[in-house]
Structure formats: C-alpha cells, structure tokens
Amino acid sequence: MEAVIIAERYRIIRPLGSGGMSHVWLARDEVRHVDVAIKQCTVPQGLHPEQREVVSTWALSEAHAAARVRHPHVIRTLDVLPDPDGPWLVMEYVPGRSLQQVIQAGGALPPARVARIGLAVLDGLGAAGRAGLLHLDVKPGNVLIGDDGRIVLIDFGPAVTEAGIAALTQARVVLGSPKYIAPERLFDRTSTARSDLWSLGATLYHAVEGQPPYARGSTAATLRALAAGPPDPPRRAGPLTPLLAGLMRHDPAARLDPAAAEELLRQAARPPRSVIRRRVPALAAALTLLAALAVGGSAQGRENPPDPLPAGFMWWQDPAGLRLAVPTGWTAHSAAGALSFTDPADRITLRITRWPHPRGDVLADLIGQERAVKLPSYRRVRIEAVPAPVWEFTYTDPKAGPMHVLRQLVDGTHLVEWRTPRADWAISLPKLTEIRASFG
C-alpha cells in the first residue's frame, strides 16, 4: 500500500484513535525525523447546515489559538495545516494511555494518585486561562498518562476563545461530553473557566469512583439527572470528597476557585502523617537488612500482600513498612545510603534514596543538583514541579553509551531514580509506571 504523506512531510504510520470530531494518527516527520501525532479536526454529525458552517468557519483560527499554549501539562501543537475538510494539527507524540483507558483496565484509582492527576490538569487549565482560552472538553479520554509518568491535557474543544465560543453559542451549538459537561453550558448556554472546573471535578470523580458522577443507562437519563441536582454521593473518594463537592456545585459562582481547588488537591495528594512518620526510618532499616539480597530470594526482605500485581512483578517489603512492586528476578543492593534494584541483564537500575530537604525545596534543589552535573553530553529533558517534582535528562556513559535518567520525588519522602540505556527507555517505562503506582 502506498504511504500517505500529509503536507509533503508527515508520513502516516498507524491510527492512534478517533472521536466525534477528530481522527488521530501516529506519523513520522520526515524533516525532523521524529514521531508526531497528527489529527484532523472534522465537523461532528447531527448539526444543521448553518451550524456546520459556523463550526467550519471558526475551526482554523481556534486551532491556531489553542496551539499557542505552551505548558508541560498541555499537549504541544507543532503545526496547524489548513484543509477544506478540517484543519490538521501536528502535535508532539506522547506514548501512553488516556485516563479513560487506565480506569477501564484497572478500575478506580487511589485518591492520592487521582489528586496528583488533578493537580497536573488544573495546572494545564491555568496555562490555557492565562492565554485567554477555555478547554471545554475536559474528560478522562482527554487526559493522557504518559509512559514516563507525564500527565497531559489534550484535545481542546472546537471553540476556545471568547469570540469563537460566542459564535458557536449564537448558532446554538454546544459541544461536549454529556457525562462531564457543566450544567450551565447545557441549560444556560454560558461557558466560563468555572465550566472547565466542573468538568475537572467530573473527571476526577470518575477516576476515583470508577464511574462517572451521573452514571445512567442513556444520554437522556444522564442529562435528566444532571438537571435534577447533585451527582451520586462518592463512596471511594475519601479526602477528595470536599473537592468533588466544591467543583461540582450547580451554581458556577459557588464553585471552588482554582486556588482553593489546588489546596484541597495538595492535601489529598499527601500521605497521612502517620504513614510519613513510619516511612522516615524505613529506608535505613532496609539498608541494614538487605546487603546484596536478591529480590524474591529471602522472606526477610518481602511479604506477599493480597494486592494484585501484573504478571512478572512481586511485592517487596521491609519490616519497617517500605513497600513497592518490583520486577521478579531483580537484585537489591545497598550502597552509599541508597537502595538499588537492577535487572538480570544489569542494564536498568532503580535507585531509592531518602529526600533530606523540606518538601517545598525540592524543585530548587533539583535545579541546584543540575548545576553541579558533569556528565558527558548532558541534556535536560525536563524539570517540573507538578504533579510531583521530576528531573529527566540524558547523557553519554563512557562504557554503556547513551543513557536516559528520570528522578522523581514520591510520597514526599523518597527520591526514585530510573536509569536505562537510551535505546531501552521506551520499552522500560511500563515497568517504571507499575513501580511508582505501587510505591508505599
């Protein structure tokens, strides 16, 4: 089959997904020699001809407006290509799964993890707001969880500027997902930043409860429930309950503002104080007990809790309470105040150290560590504060060749380092994702 080339530059490789208004493919940029995601924005079915005309008229300018947002938690648009059938958006390719796919595969997520996701999405919405834009389609399917742990807001609605939203509203076009759309958008035909906060609340509700806030058997039943009052009371949300209630108030003026939402999310993302106190001495005890202990080779270094794990993983736990999932067959070592695990081929290293500084100093300290780096061919990939402080970089090891490293603070207490040959980075990331999700 002859290859499909877009704009004489982007070679289509395979489909990545599709929705009501777009189709997305993985493509190869033959100029920069990198993979990209390329999406064509189309007009949804079911609109009257004059409504379709309005959506088409505004599509290109609104796509250009959304492309101006530059933030680690918003997908980066590299190019916007006009087309009579709808503009093409060329975006960075972030390997991973949507939050919707994560929930479908594993069910409801722990409140602390959902809070960290919420912080990232809220940060991305703030960046859009500073650019004068709304998103207007926040939902689990539009939150991407990268294989490297990055959380990215994708797929802005078809109208994102004040003028574009007004034009679609005047044409009586309201586009969004019924399970996550704010009630004022449907019933009052008004869209504000508070509308995005409602959708964020509905998204986080779905993530922590395993189902949307208005889970009904049909779209009509969902909309009737939305009009009738508050969502079904959450049962699993725990510390997120006040946040969900505050974001999903029917009166937009009564909703939590971003600052209040951020504070509640940060509180929910922190481990309980008793857990922090128990973990502080955990690593020192582990290092005393684990000199060159092979994972899975001794009952001293682990327990077998009932929590399910993917095939190829096992629980490791020391008597002081530090617990995490590690790949079966990896070897544990203690050296220089750190606990390390290596794969059987001695290519991938997981290293865990105690974080000795106050929580608020993490980002500044990581930047300070970077200034002292003397690694050959060092290149920063990113240093970010939200949802958890992370430093990612590459360098060239004189013996092992090109290397890729990620350092991230987890649970407010431990710094996790993941180091692999650059060629193994992408295929190793699913293991890192499981390890970080299990940490505790």
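The values are calculated or read from the model by the stated rules, or taken from the named source; none is laboratory data. Not measured: the values here are computed from a predicted model. Please note: Cβ atoms are built from the backbone with ideal geometry, for glycine as well, and neighbour counts cover all protein chains shown.
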>> Which numbered condition in (1) among the β-branched types (Val, Ile, Thr); (2) touching a Pro at 6+ places or on another chain (Cβ under 8 Å); (3) more than 14 Å from ALA167 (Cβ to Cβ) is the only one that VAL74 fails?
In response: (2)
> Could you give every pair whose Cβ atoms fall below 8 Å, whose first residue belongs to the range 401-417 and is in the same structural domain as ARG354 (by TED's automatic domain parsing) and free of Cβ contacts under 8 Å to residues at least 60 places away in the same chain, and whose second residue is surrounded by fewer than 20 Cβ atoms within 10 Å (Cβ to Cβ) and of a type in the set (S, T, N, Q), counting only separations of at least 6 or pairs across chains?
Replying inline: PRO402/SER377; PRO402/THR394; PRO402/THR396; MET403/THR394; MET403/THR396; HIS404/THR394; VAL405/THR394
> Only one of (1) under 28 Å from GLY126 (Cα atoms); (2) modelled with pLDDT under 80; (3) within 21 Å of the chain's Cα centre (by Cα) is not met by GLY360, so which one is it?
Replying inline: (3)
> Given (1) within 25 Å of ALA27 (Cβ to Cβ); (2) out of contact with any helix residue (DSSP H, G or I) (no Cβ under 6 Å at 6 or more places or on another chain); (3) at pLDDT 90 or above; (4) surrounded by fewer than 21 Cβ atoms within 10 Å (Cβ to Cβ), where does GLY124 come up short, assuming only one miss?
Replying inline: (4)
> Scanning the range 134-153 for residues that are part of a loop (DSSP other than H, G, I, E, B) and of a type in the set (A, V, I, L, M), which turns out surrounded by the most Cβ atoms within 10 Å (Cβ to Cβ)?
Replying inline: VAL138
> Taking into account only those residues within the range 237-250 that are buried (at least 17 other Cβ atoms within 10 Å of the Cβ) and not in a helix (DSSP H, G or I), which is nearest to the chain's Cα centre (by Cα)?
Replying inline: ALA237
>> For the range 154-190, give me each residue that is of a type in the set (A, V, I, L, M) and either in a loop (DSSP other than H, G, I, E, B) or touching a His at 6+ places or on another chain (Cβ under 6 Å) (or both).
In response: ILE154, ALA159, VAL160, ALA171, VAL173, VAL174, LEU175, ILE181, ALA182
>> Which numbered condition in (1) under 15 Å from the mean Cα position of the chain (by Cα); (2) more than 30 Å from ALA426 (Cα to Cα); (3) not polar (S, T, N, Q) is the only one that GLU62 fails?
In response: (1)
>> Quick check on my filter: what residues within the range 210-223 are assigned to a helix (DSSP H, G or I) and touching a helix residue (DSSP H, G or I) at 6+ places or on another chain (Cβ under 9 Å)?
In response: LEU223
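The rows are residues; the columns are (1) without any contact (Cβ under 8 Å) to a residue 12 or more places away in the chain; (2) not β-branched (Val, Ile, Thr).
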| residue | (1), (2) |
| --- | --- |
| ILE6 | no, no |
| LEU16 | no, yes |
| ALA27 | no, yes |
| PRO49 | yes, yes |
| GLU53 | yes, yes |
| ALA59 | no, yes |
> Any residue at all in the range 195-204 that is more than 20 Å from the chain's Cα centre (by Cα) and assigned to a helix (DSSP H, G or I)?
Replying inline: yes
> Got a number for residues in the range 47-90 being within 19 Å of ALA120 (Cα to Cα) and in contact with a Ser or Thr (Cβ under 6 Å, 6 or more places away or on another chain)?
Replying inline: 1
>> For the range 378-436: of the residues being aliphatic (A, V, I, L, M) and surrounded by fewer than 18 Cβ atoms within 10 Å (Cβ to Cβ), which is farthest from ALA269 (Cα to Cα)?
In response: ALA400
> Are any residues in the range 82-114 within 22 Å of SER177 (Cα to Cα) and in contact with a helix residue (DSSP H, G or I) (Cβ under 7 Å, 6 or more places away or on another chain), and if so, which ones?
Replying inline: GLY86, PRO87, LEU89, SER98, LEU99, GLN100, ILE103, ALA108, LEU109, VAL114
>> Looking at the structure I just gave you, is LEU200 surrounded by 23 or more Cβ atoms within 10 Å (Cβ to Cβ) and either in contact (Cβ under 8 Å) with a residue 60 or more places away in the chain or farther than 29 Å from LEU109 by Cα (or both)?
In response: yes
> Can you find a residue in the range 69-80 that is surrounded by fewer than 16 Cβ atoms within 10 Å (Cβ to Cβ), in the same structural domain as ALA127 (by TED's automatic domain parsing) and out of contact with any strand residue (DSSP E or B) (no Cβ under 6 Å at 6 or more places or on another chain)?
Replying inline: yes
> Just to be sure, is ALA37 of a type in the set (Gly, Ala, Ser), farther than 21 Å from LEU175 by Cα, in contact with a helix residue (DSSP H, G or I) (Cβ under 6 Å, 6 or more places away or on another chain) and not in a loop (DSSP other than H, G, I, E, B)?
Replying inline: no
> Can you name every residue in the range 219-257 that is among the basic types (Lys, Arg) and closer than 21 Å to GLY107 by Cβ?
Replying inline: ARG235, ARG236
> Here are GLY176, GLY157, GLY229: which of them is in contact (Cβ under 8 Å) with a residue 24 or more places away in the chain and assigned by TED's automatic domain parsing to the domain that holds ALA67?
Replying inline: GLY176
>> Return the residues of the range 8-34 that are basic (Lys, Arg) and in a strand (DSSP E or B); say none if nothing qualifies.
In response: ARG11, ARG14, ARG28
> Is there a residue in the range 372-384 that is among the small types (Gly, Ala, Ser), at pLDDT below 70 and over 24 Å from the mean Cα position of the chain (by Cα)?
Replying inline: no
